[in-house]
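Below you'll find the structure, written out as structure tokens, and then a few comments.
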2 protein chains.
Amino acid sequence: MSDDRMSSVVRPGPDAAVTLRPLAGARVEGGFWGARQRVNREVTIPLGGERVRESGAFDNLRLAGPHRGKVFADSDVYKWLEALAWERGRADDDDLARPYKEASELVAAAQCDDGYLHTHTQLTGAGRYSDLASSHELYCAGHLMQAAVAGSRAVGDRTLLGVATRFADHLAAALAPHALDGHPEVEMGLAELHRETGTRAYLDLAARQVTARGHALIPLKGHHGPGYRQDRVPVREAVTVEGHAVRAMYLAAGAADVAVETSDLELLAALERQWQDMVATKTYLTGGLGSNWYGEAFGGHHELAPDTAYCETCAAIGSVQWSWRMLLATGAPGFADLIERTLYNAVLPGVSLGGDRFFYVNALRVRAGADPDDLRSPARGRQDWYGTACCPPNVMRLLSSLDHYLATGDGDGVQLHLYAPGTVRAGFVVLEVATGYPWSGRIEITVRETPDRPWTLSARIPAWADAAGVDDRPAEPGTYHRVRRTWRPGDRIVLDLGIRPRLTVAVPRLDVARGQVAVERGPLVYCLEQADHPGVIVDDLCVAGADLRDGTAVTGLPAEVVPVIARGRAHVHREEDGGFPYRTAAAPREPEHAGPVDLTFVPYYAWANRGAGPMTVWAPMHG
Amino acid sequence: MSDDRMSSVVRPGPDAAVTLRPLAGARVEGGFWGARQRVNREVTIPLGGERVRESGAFDNLRLAGPHRGKVFADSDVYKWLEALAWERGRADDDDLARPYKEASELVAAAQCDDGYLHTHTQLTGAGRYSDLASSHELYCAGHLMQAAVAGSRAVGDRTLLGVATRFADHLAAALAPHALDGHPEVEMGLAELHRETGTRAYLDLAARQVTARGHALIPLKGHHGPGYRQDRVPVREAVTVEGHAVRAMYLAAGAADVAVETSDLELLAALERQWQDMVATKTYLTGGLGSNWYGEAFGGHHELAPDTAYCETCAAIGSVQWSWRMLLATGAPGFADLIERTLYNAVLPGVSLGGDRFFYVNALRVRAGADPDDLRSPARGRQDWYGTACCPPNVMRLLSSLDHYLATGDGDGVQLHLYAPGTVRAGFVVLEVATGYPWSGRIEITVRETPDRPWTLSARIPAWADAAGVDDRPAEPGTYHRVRRTWRPGDRIVLDLGIRPRLTVAVPRLDVARGQVAVERGPLVYCLEQADHPGVIVDDLCVAGADLRDGTAVTGLPAEVVPVIARGRAHVHREEDGGFPYRTAAAPREPEHAGPVDLTFVPYYAWANRGAGPMTVWAPMHG
């Protein structure tokens, strides 16, 4: 079951090799995500327009010069426009429509007569496509195309669609066969523009970008090898993800689009292999991606240090984009599991609860004495904006299009992937979902409208939900629970995902987590934050027992936040520990511990909303 | 007791506020370091000349243009010349003297009439001192000065000394008051040039460089904050080291020179405070410095991940330079302890046993599946050379000047800091040292010549030597064992430092080492290397007992290398460990272990001489 008026952020073509199809008619109405979307609409998006204006990106589009900001400053405007478009699709009003119109007309006016558009090149006189390894010309084009598709699908505004198609036509004609952007992104944009317009040349160009990559044709710059720009191994041959994490995710997502549109099952299998390797060896507990500040990049297998983690907010968003495409292609629940984990624990931490401050880097540990020099250092807390402002508008467009990720349809029914109160419309089916998720694991799904024939309602049972039940019968974690019947209006099924706090450990090869535990509760990863532990620094805390319990409200956090309480102890940091920190084990000296303390774990996404300070997701397990 | 003909690499002036004074007459003769010096002389230095030639750095000095290599390519020549000079001082021959003469004459001919010299600026026409944050003009000048001093002291060659003084005179006159190089180094060079020539203006300029720093006056470039270039906090106020580790070490060493020459005890105290903090919270077990590839930089307190460690070879050399100056200033044994640890375990790994391949980055763990993209990745093994070739010639000059670090004198006697077979001359005293150190802890010190009056022979007892004795009586680790008497020729004392393998653990705050142990033996840090463990990957090995024993020869390593054997086990990496690597602890599942295996630990400095592969300094302790 699907919806022809699909306004979804991803919309596979009619012949695409997909198992599931997105729905236009899924809506978040209140609850956890509804609150985040309201803040996004009322605070973050307006603030984003202001920050983009201050950065000079609108002035760049006026071609007034000199160019301000980074070479990719145009993309900040495009991502923000995409957020506005999806948000207008949810509920239009003049406060959104007016800035959308102004900015999209600015974009249109900046376009060259032949379709080219990249204000940095236009204002500096740099040669077109002369430095694609760094210039981000195609990267910006890709974001323009995604924004254009959003405007067209969400509100039928074709201003940007015209700009994007003229640019894409120019690219299809002008781009040298092996011209590759150092930063993938145009692949997704071209594929979606093809889906929106039916122009095959756009898909062909996207496919060319995917195929040409991996032959070390992109000129090297700086110290980085070809892997940094995903140009070391062809996508079709790669067995893992590598290099700059955002680039790797955008490339993989675009390659997935190409694979399903061209029914290239070999390419799809290669992507699934890379995804599995990423999940098994290069993914943080939060779903965050990218171990290294250097190159903003993946590390090697099991290289997942919590403190030096980069986990760029954009990489998490790219991961959601890739996993969503793989989910549509395959219908396998693991993709949806990672999407959920990533949304709650790697995307959402990128914006403050108030919606006005942002993390670029999402480390899993911040120590006392963390280095504060870099503006992106998590020890400094979220910032108002960044000189490289890719992350904030990326969060905006994801939150404003979040509804698209709730559910899908296929020939046999409806699949629910994420849980939020709201309505799901799929053809003749209308479902109503009521839930206090993620705080509660109870999810009531009521059939409001249904055709008079059997169909299957599928509901994802997350892999962590080992006590899940549906209508009081056990359900298998890591699957879709499927109920096939002829439904009647008013029929209801009740999921109970059995949410309770749990301790999590890592496999032995993940050496940075050896001897340590993390706390999770439902889809949420928790952390210890300094604000809840006065008189002792978080670095010295350890968990002293496996019994966890839900706490009550946490001072300074919204009342709905459920903390988790554990028994703990604090290492005593002794005077002699202040010298050389290594000593002979022959004279064993167990760490001294102060008396028992209650540890308060709070959801990781909510950290650093009460000032920045030491924090950790992993804590040592005591005795 | 000191030596007026001091040819030492550091030579405090007569009024300097130092406790100890270097000796010219300490000579390594054979043994562990003698072998390394022979390889350095016969293989590494000649090869270095060839590589420098290939890099275009000599052509740059011919001013033929266009400029080749990095902006700091001149410094490769200077460091190599410094190595040649010290090596000629040890034993001159035509194979060293001829290339020294050719290259130093090339340098002299390249100098501008007004004394300026920086081939990148000269060949590109870039403005002098217009981009000091990046240009490395003063950095290169500092290396030129050190090379010039070496030539003058070691062999009385004043060619480069003339060039260096003309450049320094120019700098003293031309440099704007707050002009600071992004990369410290000129401070050490100016201070030593002052010591060599007596020209006060050079010391004044060095002092100005130290004082002006830390006020965020250096223009920011790229993402880095001012801390990257040590420009966030004035040296006098800093409580820790931060930013680019090599820059931090060179600045601190130069500041120590300024402090002792100007009797600035406040500055010296600030440096000692920073050194203590570095040792307690930012130093790897190997002595390596710099946790982060990003910025080649220190991290925060206790941020010492073994796998992502940068530990640049140059940073270790800078650490030796700083600690040596602090040792001269204070006479405190901790400085010598760190020098020894660093030389064996952080400098020496930077060059292969054959002397012809180099590590830039010295990580403490390399996993199976480490990312190979960057040429510096330890997973790729040592390389023939690097595009940024700072490390190889830095190792060369350190090894060729290593004799200078063996011993010092003061008004009351002689202090032995490092142990190697050889001769120590200090005024009327001549000592002969015989030892198989570091393989054996037995050190025989025989007085060959002595004045007929009492003086004190001091011998460092390393902090790890908890079973040390002198002439069969216990000696206190972490001190200088002092024997004061009227010595007679033929008198001998025998140290036994009680070298045996030992397990080492870290303080609790050092979370990356929790539950793990390392193996050390004497001054050497050991590691597990893939080459010695066929059939299992190093990542899966753990130590299963505290009893260690010396092994016999290791296949593929020189016969004198003593391996350490430990009981161990290997984690069984199960099929299901190949998925998402995090799982609920509620169903506890101890890692399975295969039957007991012997673990072979080899000295860390010797790793990657039998091919590169997985390696670890830290291993989990089983049960």
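The values are calculated or read from the model by the stated rules, or taken from the named source; none is laboratory data. Computed from a prediction, not measured in an experiment: that's the story for all the values here. Methodologically, a virtual Cβ is constructed for each residue, glycine included, from the backbone with ideal geometry; neighbour enumeration extends over all protein chains shown. We work out accessible area using only protein heavy atoms, side chains counted, and drop any ligands, DNA or RNA first. Shrake-Rupley method; radii C 1.70, N 1.55, O 1.52, S 1.80 Å.
If I ask for residues that are open to solvent by 10 Å² or more (accessible area, probe 1.4 Å), away from chain A (no Cβ under 12 Å) and of a type outside the set (A, V, I, L, M, F, W, C), which ones from the stretch B:224-272 would you list? B:P234, B:R236, B:E237, B:R247, B:E261, B:T262, B:S263, B:D264, B:E266, B:E272, listed by residue number. If the condition is being of a type in the set (S, T, Y), open to solvent by less than 30 Å² (accessible area, probe 1.4 Å) and more than 14 Å from chain B (Cβ to nearest Cβ), then the stretch A:473-509 contributes only A:Y480. Considering the stretch A:395-507, the qualifying strands (runs of 3 or more DSSP E), each wholly inside and each with 1 or more residues that are within 30 Å of A:A85 (Cβ to Cβ), run over A:407-410, A:413-416, A:422-426, A:429-435, A:442-449, A:454-461. Residue selection: B:L343 satisfies the criterion of being closer than 19 Å to B:C314 by Cα, crowded, with 22+ Cβ neighbours inside 10 Å, out of contact with any His (no Cβ under 9 Å at 6 or more places or on another chain) and away from chain A (no Cβ under 12 Å).
Considered as a group, the residues in the stretch B:431-443 that are free of Cβ contacts under 8 Å to residues at least 40 places away in the same chain and touching a Pro at 6+ places or on another chain (Cβ under 9 Å) include one that is least open to solvent (accessible area, probe 1.4 Å), and that residue is B:V433. Only one entry of A:V233, A:V241 meets the criterion of being within 20 Å of A:W322 (Cα to Cα) and in contact (Cβ under 8 Å) with a residue 24 or more places away in the chain, and that entry is A:V241. Remark: pairs (first residue in the stretch A:601-623, more than 13 Å from B:D511 (Cβ to Cβ); second residue outside any strand (DSSP E or B) and charged (D, E, K, R); Cβ separation under 7 Å; 6+ apart in sequence or on different chains) = A:V602/A:D532; A:A608/A:R382; A:A612/A:R380.
Under the condition of being free of Cβ contacts under 8 Å to residues at least 24 places away in the same chain and of a type in the set (A, V, I, L, M), the residues counted in the stretch A:18-56 number 1. One residue alone among A:A201, A:A191 is aliphatic (A, V, I, L, M), open to solvent by 20 Å² or more (accessible area, probe 1.4 Å), at pLDDT 95 or above and farther than 20 Å from B:G369 by Cα, and that residue is A:A201. Of A:R90, A:R41, A:R62, all but one fail to be in contact with a Lys or Arg (Cβ under 9 Å, 6 or more places away or on another chain) and farther than 21 Å from A:C391 by Cβ; the exception is A:R90. Report yes if A:G127 is farther than 24 Å from A:A172 by Cα and either out of contact with any Lys or Arg (no Cβ under 6 Å at 6 or more places or on another chain) or in contact (Cβ under 8 Å) with a residue 24 or more places away in the chain (or both), otherwise no. Considered against the rule, which asks whether it is farther than 24 Å from A:A172 by Cα and either out of contact with any Lys or Arg (no Cβ under 6 Å at 6 or more places or on another chain) or in contact (Cβ under 8 Å) with a residue 24 or more places away in the chain (or both), A:G127 comes out as no. Within the stretch B:524-552, residues that are within 13 Å of another protein chain (Cβ to nearest Cβ) sit with their Cβ atoms under 6 Å from residues that are assigned to a loop (DSSP other than H, G, I, E, B) and among the charged types (D, E, K, R), at 6+ positions apart or across chains, in these pairs: B:D539/A:R509; B:D539/B:R367.
Here is a check on your reading of the model: is A:G288 more than 9 Å from chain B (Cβ to nearest Cβ) and open to solvent by less than 10 Å² (accessible area, probe 1.4 Å)? Criteria met by A:G288. Filtered by the rule that a residue be among the hydroxyl-bearing types (S, T, Y) and surrounded by fewer than 23 Cβ atoms within 10 Å (Cβ to Cβ), the stretch A:25-67 gives a lone residue, A:S55.
Restricting attention to the stretch A:456-472, which residues are open to solvent by less than 30 Å² (accessible area, probe 1.4 Å) and either away from every other protein chain (no Cβ under 14 Å) or under 26 Å from A:G411 (Cα atoms) (or both)? Those that are open to solvent by less than 30 Å² (accessible area, probe 1.4 Å) and either away from every other protein chain (no Cβ under 14 Å) or under 26 Å from A:G411 (Cα atoms) (or both): A:T456, A:L457, A:S458, A:A459, A:R460, A:I461, A:P462, A:G469, A:V470.
Look at (1) more than 10 Å from the chain's Cα centre (by Cα); (2) within 14 Å of chain A (Cβ to nearest Cβ); (3) in contact (Cβ under 8 Å) with a residue 60 or more places away in the chain; (4) buried (at least 24 other Cβ atoms within 10 Å of the Cβ) and you find that B:P349 fails only one, number (2). Please enumerate the residues belonging to the stretch B:68-88 that are surrounded by fewer than 24 Cβ atoms within 10 Å (Cβ to Cβ) and in contact (Cβ under 8 Å) with a residue 60 or more places away in the chain. Correct list: B:G69, B:K70, B:V71, B:F72, B:R88.
Counting only strands (runs of 3 or more DSSP E) that fall entirely inside the stretch B:510-587 and contain at least 2 residues that are charged (D, E, K, R) and open to solvent by 50 Å² or more (accessible area, probe 1.4 Å), the qualifying elements are B:541-550, B:564-570. Here A:A305 meets the list (1) part of a loop (DSSP other than H, G, I, E, B); (2) more than 8 Å from every other protein chain (Cβ to nearest Cβ) almost entirely, failing just condition (2).
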